[in-house]
Every structure is written in C-alpha cells, then in structure tokens.
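Below is one structure, written out as structure tokens; the observations come after it.
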Amino acid sequence: DAMVIQNPRYQVTQFGKPVTLSCSQTLNHNVMYWYQQKSSQAPKLLFHYYDKDFNNEADTPDNFQSRRPNTSFCFLDIRSPGLGDAAMYLCATSRARGGWSNQPQHFGDGTRLSIL
Amino acid sequence: AQKITQTQPGMFVQEKEAVTLDCTYDTSDPSYGLFWYKQPSSGEMIFLIYQGSYDQQNATEGRYSLNFQKARKSANLVISASQLGDSAMYFCAMREGGSEKLVFGKGTKLTVNP
C-alpha cells in the first residue's frame, strides 16, 4: 500500500547530540510536512516543502533543520537537542492543487524522541 | 485569534451509542476545507472525513458524519454506534484556499465505555 513511513519509531538521543529523523513516501505527493507534537497538545507545524521550496514557520527554532533530497524522502535534523525537544515528530504529505483546499494530509506513524 | 476551537477536552460515551464532537472555526476565506483526524494512543494520525466550504451536503464516511453548519461556522463530527476502538484523541483541522497548511484545534479525548 502507498504510505508515509517514518523511521525509527522510537529514538533516544543524548542532550546536545545531533539526531536525524527520516520520512519517506510512496504517494508521490509534492508537499511534505514536519510537525512536533508534545503530550496532550495539537501538532505544531515546524516547516514544509512544496516541491523543493522550503517553508519555515516563523517560530521554529534554528536548532531544527530539514532536507528533502528528492520527492520521496524528507529528513528532520535537530542539531543540539534539548530536554524541551522531547516529543512525537510527525511527517505528513499532501498533494498540492494550488487554490484547492480539499486535499487531506496523510501522516506517518511518527517518531517518538526521548532526550537523556 | 484561534481559528479552530474544540471546547470539549474530554468526552465519554457508552459502547453502541452515538457521540458528537464539537468544532467551530473562524475564517474570512470563502474557500476552505475542514478535516477530522483520529489519533489513538499509539500516535498515528488517521484521516477520517472532509467537508468543503462549497459542499451542499454533509459529508459521511461509514460511521462518521459531519454536521456542517456554515452560517454558525461549525463542523461537528458525529460517530454512530461507538466502538471500544474509537477511544482516541480527535482533532478538527482547517485548510484555507491557497494554503498548504492545516490549522489544528486542541483536540477532544474520547473514551468509549463498555
């Protein structure tokens, strides 16, 4: 089945040690998103790619970076994780139709990040 | 200003009964879409149902239906014949025309009791 795959499902890293989360998709969608979700809160959009165009949210810390080497893959890099970065990270994709709002976002299962 | 409001932090329902989860929204864009997602404790976000601002009829998908009242700017999710597996967080979200971004509400935690 076509889907959004996130690896790993659980990630443990040390305070200040860089970590990379990965996301791949077989839906051939041109938009990919990264969300941070803390316990009992709504997902918070960090940034998204529209094709190769990177769109950062104004309140996303500089500590968070992203790469999209091709249509299928997108990575979230946290350069120096702090304790406050422990969260679920969700990747999503969408087919952009420019002006049409009816395309849902399809989410992966998420990566739960813990900081020691 | 909050664009999506879910006023029920938690809801309880007996198995096999129907339940309504509330969602109100705020936008000045005439073109928008409203989405409901389910998030079980395992964490994945599952798309349930969509309602477009120009749709004349309320959306339905199996046991899920959307009570769309455009003038009141509400898009309540109705789950019929609740099942134990329906216990989860439910998020209402909106996408405005021309935007690639979803705006989420704070969610409602639904618990289905046997």
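The values are calculated or read from the model by the stated rules, or taken from the named source; none is laboratory data. Since this is a predicted model, take the numbers as computed values, not measurements. Please note: Cβ atoms are built from the backbone with ideal geometry, for glycine as well, and neighbour counts cover all protein chains shown. Please note that ligands, DNA and RNA were not included when accessible areas were found on the heavy atoms of the full protein model with its side chains. Shrake-Rupley method; radii C 1.70, N 1.55, O 1.52, S 1.80 Å.
Exactly one condition in (1) crowded, with 16+ Cβ neighbours inside 10 Å; (2) more than 26 Å from A:SER39 (Cα to Cα) is not met by B:GLU44; state its number.
(2)
How many residues, within region A:53-65, are open to solvent by 20 Å² or more (accessible area, probe 1.4 Å), of a type in the set (S, T, N, Q) and either out of contact with any Lys or Arg (no Cβ under 8 Å at 6 or more places or on another chain) or facing chain B (nearest Cβ under 10 Å) (or both)?
2
Just the residues that are more than 8 Å from every other protein chain (Cβ to nearest Cβ), open to solvent by less than 20 Å² (accessible area, probe 1.4 Å) and farther than 13 Å from B:THR7 by Cβ, please, taken from region B:94-114.
Once the filter is applied, which keeps residues that are more than 8 Å from every other protein chain (Cβ to nearest Cβ), open to solvent by less than 20 Å² (accessible area, probe 1.4 Å) and farther than 13 Å from B:THR7 by Cβ, region B:94-114 yields B:MET94, B:LEU110, B:VAL112.
Output the residue which, of all residues in region B:18-61 that are under 15 Å from the mean Cα position of the chain (by Cα) and free of Cβ contacts under 8 Å to residues at least 12 places away in the same chain, is nearest to the other protein chains (Cβ to nearest Cβ).
Restricting to residues being under 15 Å from the mean Cα position of the chain (by Cα) and free of Cβ contacts under 8 Å to residues at least 12 places away in the same chain, the top hit is B:ILE46.
Would you check which residues across region A:67-106 are part of a strand (DSSP E or B), in contact with a Phe, Trp or Tyr (Cβ under 8 Å, 6 or more places away or on another chain) and open to solvent by 20 Å² or more (accessible area, probe 1.4 Å) and list them?
Hits for region A:67-106 are A:ARG67, A:ASP77, A:HIS106.
Any residue in region A:46-57 that is in contact (Cβ under 8 Å) with a residue 24 or more places away in the chain sitting within a Cβ distance under 6 Å of a residue that is among the hydroxyl-bearing types (Ser, Thr, Tyr) and surrounded by 14 or more Cβ atoms within 10 Å (Cβ to Cβ)? List the pairs, counting only those 6 or more apart or interchain.
Hits for this filter: A:LEU46/A:THR60.
Among the residues of region B:20-37, which ones are part of a strand (DSSP E or B), within 23 Å of B:VAL112 (Cβ to Cβ) and open to solvent by 10 Å² or more (accessible area, probe 1.4 Å)?
To start, the set of residues in region B:20-37 that are part of a strand (DSSP E or B) comprises B:20-21, B:24-25, B:32-37.
Filter again for within 23 Å of B:VAL112 (Cβ to Cβ), leaving B:20-21, B:35-37.
Passing the criteria: only B:THR20.
Go through region B:48-80 and count every residue that is in contact with a Lys or Arg (Cβ under 8 Å, 6 or more places away or on another chain), within 23 Å of A:THR93 (Cα to Cα) and either in a strand (DSSP E or B) or open to solvent by 20 Å² or more (accessible area, probe 1.4 Å) (or both). Don't jump to the end; show me each part of the working.
Within region B:48-80, the subset in contact with a Lys or Arg (Cβ under 8 Å, 6 or more places away or on another chain) is B:48, B:53, B:79-80.
Those still in the list that are within 23 Å of A:THR93 (Cα to Cα) too: B:48, B:53.
Retained after the next criterion (residues that are either in a strand (DSSP E or B) or open to solvent by 20 Å² or more (accessible area, probe 1.4 Å) (or both)): B:48.
Qualifying residue count for the region: 1.
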